[in-house]
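As structure tokens, the structure follows; a few thoughts come after it.
The values are calculated or read from the model by the stated rules, or taken from the named source; none is laboratory data. Keep in mind it's a predicted model, so treat the numbers as computed, not measured. Virtual Cβ from ideal backbone geometry, glycine too; neighbours counted across all protein chains shown.
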Amino acid sequence: MITADVIKSLQSSDAVFVSGSTEAIAQKVLPPEQADSESLVFVSKPHQLEQALKAQATIIVAHKSLALPTDSKSTFFSTHHVQMAMAAILPLFDGKMNRFNQETKIHPSAFVHPSAHLGQNVSVGPFAVIGEHARIGDGSTIGSHVVIECYAQIGAHTILHPQVFIGAYCELGAHCEIHPHTTIGADGFAFAQTKEGQHKKIPQIGKVILGDNVELGANCAVDRAALTETRIGSGTKMDNFCHVAHNVIIGENNVMAAGFKIAGSSTIGSNCMFGGDAAISDHVNICDKVIIAGRSGVTSDIPQPGAYGGYPIEPLRESLKTLANLSQLTRIRKELARVVKHLGLKEE
Amino acid sequence: MITADVIKSLQSSDAVFVSGSTEAIAQKVLPPEQADSESLVFVSKPHQLEQALKAQATIIVAHKSLALPTDSKSTFFSTHHVQMAMAAILPLFDGKMNRFNQETKIHPSAFVHPSAHLGQNVSVGPFAVIGEHARIGDGSTIGSHVVIECYAQIGAHTILHPQVFIGAYCELGAHCEIHPHTTIGADGFAFAQTKEGQHKKIPQIGKVILGDNVELGANCAVDRAALTETRIGSGTKMDNFCHVAHNVIIGENNVMAAGFKIAGSSTIGSNCMFGGDAAISDHVNICDKVIIAGRSGVTSDIPQPGAYGGYPIEPLRESLKTLANLSQLTRIRKELARVVKHLGLKEE
Amino acid sequence: MITADVIKSLQSSDAVFVSGSTEAIAQKVLPPEQADSESLVFVSKPHQLEQALKAQATIIVAHKSLALPTDSKSTFFSTHHVQMAMAAILPLFDGKMNRFNQETKIHPSAFVHPSAHLGQNVSVGPFAVIGEHARIGDGSTIGSHVVIECYAQIGAHTILHPQVFIGAYCELGAHCEIHPHTTIGADGFAFAQTKEGQHKKIPQIGKVILGDNVELGANCAVDRAALTETRIGSGTKMDNFCHVAHNVIIGENNVMAAGFKIAGSSTIGSNCMFGGDAAISDHVNICDKVIIAGRSGVTSDIPQPGAYGGYPIEPLRESLKTLANLSQLTRIRKELARVVKHLGLKEE
């Protein structure tokens, strides 16, 4: 239950008060097509604004390009970027931290090793395990059933959702968020093959380092390095089911959709985007500002910024043509056979 | 250890008693090629019947098309559909619920919030966590290490295997079964990009709703909606490693093989089937009664029932031809070069 | 902190002492390009040896093909195979077992059923659950939050990392290592469809059997068999996110990279290798000594050893040509159109 006044008092440049009562109360947030009179609604297109007005939505946050009526009972905010307005306003409606409510900040059932160091205002859920000499920064939230192994470090104001695994010696920055069942710091996959064809394990004695503001979805896995560090830079966000192999170095502010996989020792610059199920081979280097379409397979370096797609990888425009022509392949084969026959050429 | 009499007393139309002693005892169930004299065997083909007879299997459940001998010591049941017979009879041999045996229905080590509501005959395993105001229906089984966050609701007779995660406010219907390490209700993947290229999180304040009789395999992830609901309809079954993004709406009685992925805000009707690793882009709508081959990629709406495959998607017959012609591509390229040379055409 | 003397005393044929002080002390292991004077360094190429010498690395393990200087203060070992030397020496630097340190071998918070049998020197972490009649072999390590269901068996000297799930009746051999969030023994995916289009569950009453020295990465899933056994043979290693469906039989000493998937009832011989995201259809048989490239899809038997790739699968050489020609597809289509026009052929 949020009033327009509370939103106004955010003084956000992404949601500027326009008109209406600042005492308007929104019970919830709904998409335009489901709007009702108790809801706050974000609208970016004229028909969405109509829907919200018709439903008499109590608060409407509209893109600045839309002409707002002057005879409406709704309260209006204007934004240059609807998604930025959502990022600014939705935290007011987000009860996420209530999920971690408990009578005591450190749940009595949690196992915290005496040598572990917990900062100020750390919350630790039921049955969490915090190992020897682990360090947890101020204001961080450790969900129930999280396992943090020895000497691992968690920065300030980081959220580990329930059932996350943080391996020994791994380091997470501040303001990270890691979703359930994600594994950080399992062994990299490395074996030496004997003459007899057996595979002897090469111990993985490195670690994983995550910068600040890194978010990893549910059921991801980031392997520890063989000797040194696997790194994911600050501001990089990964969706569910992403796989990062040992020794990988990833820069800042990248976005990876679900099922992204990167094999050992590859590197990615900063400000890149990867579609779902994109896969990067081992020992490949991708520069800054690269966009890779979903399902692409990158097997060699990409030294130039730009958009790419396909497998093998091509500039995005070319890869879209290749994809479109794939459906022509049967016709191409038949037509070529016709040409060969027409010309009386022999089969080779 | 099950007698033919017990099977007969099921009075199932999927396994009809034919002949033999109703006191025959099966210690186990084996496939025809491994049958022995203590086993119940399901047979659908003549050579399987021979194998079962040769092994003197104590109980044989045979497809009705098979001619059963009259001089055998085995006890015979007949079925119109061997898999339906398995679905009817195998529960007698399934010790699954024994896995959840414990001295007290609510294990003393579990943490159940005082405000949570548990129905009749609910079983809660060691170290399970049931949050504030969560509700668990009658006869449900909550495995060890399951985490159910605040205000989540679990229907009656639902089984949550160990280490499942159910996020705050999510709702599961009755008779659902969720396998280990599956995450229901992690955040959807949504960020607003600033001018500086940083990604600000858009809080995900919606939830996940599962109908009745939904089964999800191990290590799946279903994200909560941005504002409203991500839905999976009654009777839909998913294999391991399936990914359902935020705002997705899936109908009833669908089957998804392992590695199925569907991106944000897409919809699927009812009675569809998806092969392994099939992937659906965001904002795509698929109607009822669609079959999608494994590894396919669906990037636009499918408004007509039918079978489809490939990437880009084609009617299944066409996609199989395209696939077959892919192996001809090298030959096609060479033959075309020969034609061009033959004609004296210049390269363009 | 390891001395050259300790390495020498391994008497490993994979790392033979050559020269220098046996009192040399390595504080850590670094890659050549990051070497410093306190580090042990493995080098296989001349420029790496130069890097290590320049940094005055305290211990250098060099491939036997490299000419070692006689005027260096470093201590030298020689190896015929650098990775085998890593497999031999790195265990000295691997503090993995320290992650499982605790005051008592069986953590008091663990729940061990009175009927479970634990061998000598078994370590059980906080909140682990070991079910009725489960058996744990001598010297095994059960991480925190591991769930081992009833009647499951774990061989000697096996490591289960935290949050692993081992289902009822499943059996693991000796010296296995299973990484976090891996599920062994969830139900296979099997339903019988009713006339009305509903899917009735076929109970999965089989189990999973792993041989000795099997390693499974993080977030894998191996399903129990419908009736009998899903098997992974001794010495087989899988990376993260691998999926093994019910009734699959896999031989010995195979290596599967991340995202490998194999559908129901398929079989794989021994000494095979599978690249990342390789997928095997159901009821397919692959013989010994087969190499399958990453992203390949195998939909029919492979009865001959060799290297293969692509989808559809081809001998590797052919599949690489097909892949290369894919990028030519647009040009091929245009050129063919030009030929058809040149010849004055009508469209068909």
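For this structure, a couple of remarks:
- If the condition is being farther than 25 Å from residue B:129 by Cα and of a type outside the set (Phe, Trp, Tyr), then the stretch A:169-184 contributes A:170, A:171, A:172, A:173, A:174, A:175.
- Selected residue (criterion: farthest from residue A:131 (Cα to Cα)) from residues of the stretch C:64-87 that are in contact with a Lys or Arg (Cβ under 8 Å, 6 or more places away or on another chain) and assigned to a helix (DSSP H, G or I): C:84
- Criterion violated by residue C:1 - all others in (1) within 12 Å of chain A (Cβ to nearest Cβ); (2) closer than 18 Å to residue C:91 by Cα satisfied: (1)
- Among residues of the stretch A:55-76, those that are touching a residue at least 12 places away in the same chain (Cβ under 8 Å), farther than 20 Å from residue A:90 by Cα and among the charged types (D, E, K, R), counted: 1
- Among the residues of the stretch C:296-305, those identified as away from every other protein chain (no Cβ under 12 Å) and part of a loop (DSSP other than H, G, I, E, B) are C:300, C:301, C:303, C:304, C:305.
- Exclusive hit being crowded, with 21+ Cβ neighbours inside 10 Å, of a type in the set (A, V, I, L, M, F, W, C), modelled with pLDDT of 95 or more and farther than 23 Å from residue C:104 by Cβ, set C:159, C:184, C:142, C:166: C:184
- Residue match in the stretch C:32-51 (condition: of a type in the set (S, T, N, Q) and in contact with a Pro (Cβ under 8 Å, 6 or more places away or on another chain)): yes
- Of all residues in the stretch A:121-160, those satisfying the criterion of being of a type in the set (Gly, Ala, Ser), away from chain C (no Cβ under 12 Å), closer than 22 Å to residue A:211 by Cβ and free of Cβ contacts under 8 Å to residues at least 40 places away in the same chain are A:137, A:139, A:140, A:156.
- Residues satisfying the criterion are absent from the stretch A:89-99 (criterion: over 27 Å from residue B:190 (Cβ atoms) and either out of contact with any Ser or Thr (no Cβ under 6 Å at 6 or more places or on another chain) or buried (at least 18 other Cβ atoms within 10 Å of the Cβ) (or both)).
- Residue in the stretch A:270-285 that is in the same structural domain as residue A:159 (by TED's automatic domain parsing), outside any strand (DSSP E or B) and in contact with a His (Cβ under 6 Å, 6 or more places away or on another chain) present: no
- Boolean, residue B:248 is more than 12 Å from chain C (Cβ to nearest Cβ), within 21 Å of residue B:320 (Cα to Cα) and crowded, with 18+ Cβ neighbours inside 10 Å: no
- When residue C:99 is tested against (1) basic (Lys, Arg); (2) in a loop (DSSP other than H, G, I, E, B); (3) within 13 Å of chain A (Cβ to nearest Cβ), just one condition goes unmet, and that condition is (2).
- Flag if residue A:345 is modelled with pLDDT of 95 or more and either within 28 Å of the chain's Cα centre (by Cα) or in a loop (DSSP other than H, G, I, E, B) (or both): no
- Residue that is surrounded by fewer than 15 Cβ atoms within 10 Å (Cβ to Cβ) and under 27 Å from the mean Cα position of the chain (by Cα), where the choices are A:63, A:80: A:80
- Among the residues of this structure, residue A:194 counts as one that is within 21 Å of residue C:237 (Cβ to Cβ), among the β-branched types (Val, Ile, Thr) and either without any contact (Cβ under 8 Å) to a residue 40 or more places away in the chain or in the same structural domain as residue A:123 (by TED's automatic domain parsing) (or both).
- Only one of the listed residues (C:306, C:310, C:276) is buried (at least 21 other Cβ atoms within 10 Å of the Cβ), modelled with pLDDT of 95 or more and out of contact with any helix residue (DSSP H, G or I) (no Cβ under 7 Å at 6 or more places or on another chain). That residue is C:276.
- Inside the stretch B:102-119, residues that are under 25 Å from residue C:167 (Cβ atoms), more than 7 Å from chain C (Cβ to nearest Cβ) and assigned to a loop (DSSP other than H, G, I, E, B) make up a count of 7.
- Residue that is nearest to residue A:170 (Cα to Cα) [pool: residues in the stretch A:223-237 that are surrounded by 22 or more Cβ atoms within 10 Å (Cβ to Cβ) and either more than 7 Å from every other protein chain (Cβ to nearest Cβ) or in contact (Cβ under 8 Å) with a residue 24 or more places away in the chain (or both)]: A:224
- When the test is whether a residue is away from chain C (no Cβ under 12 Å) and either surrounded by fewer than 20 Cβ atoms within 10 Å (Cβ to Cβ) or touching a helix residue (DSSP H, G or I) at 6+ places or on another chain (Cβ under 8 Å) (or both), residue B:318 passes it.
- In this structure, residue C:240 qualifies as under 22 Å from residue C:210 (Cβ atoms), crowded, with 23+ Cβ neighbours inside 10 Å and either within 10 Å of chain A (Cβ to nearest Cβ) or not charged (D, E, K, R) (or both).
- Subset of the stretch B:183-222 (residues that are under 23 Å from the mean Cα position of the chain (by Cα), assigned to a strand (DSSP E or B) and more than 7 Å from chain A (Cβ to nearest Cβ)): B:184, B:185, B:207, B:208, B:209, B:210, B:215, B:216, B:222
- Some residue of the stretch A:94-117 being farther than 30 Å from residue C:127 by Cα and under 29 Å from the mean Cα position of the chain (by Cα): yes
- In the stretch A:273-295, residue nearest to residue A:226 (Cα to Cα) [restricted to those that are facing chain B (nearest Cβ under 10 Å) and within 14 Å of the chain's Cα centre (by Cα)]: A:277
- Of all residues in the stretch C:299-336 being polar (S, T, N, Q) and in contact with a Gly (Cβ under 7 Å, 6 or more places away or on another chain), the one that is nearest to residue C:261 (Cα to Cα): C:319
- Leading residue by the ranking (surrounded by the most Cβ atoms within 10 Å (Cβ to Cβ)) among those in the stretch B:255-269 that are more than 14 Å from chain C (Cβ to nearest Cβ) and part of a loop (DSSP other than H, G, I, E, B): B:263
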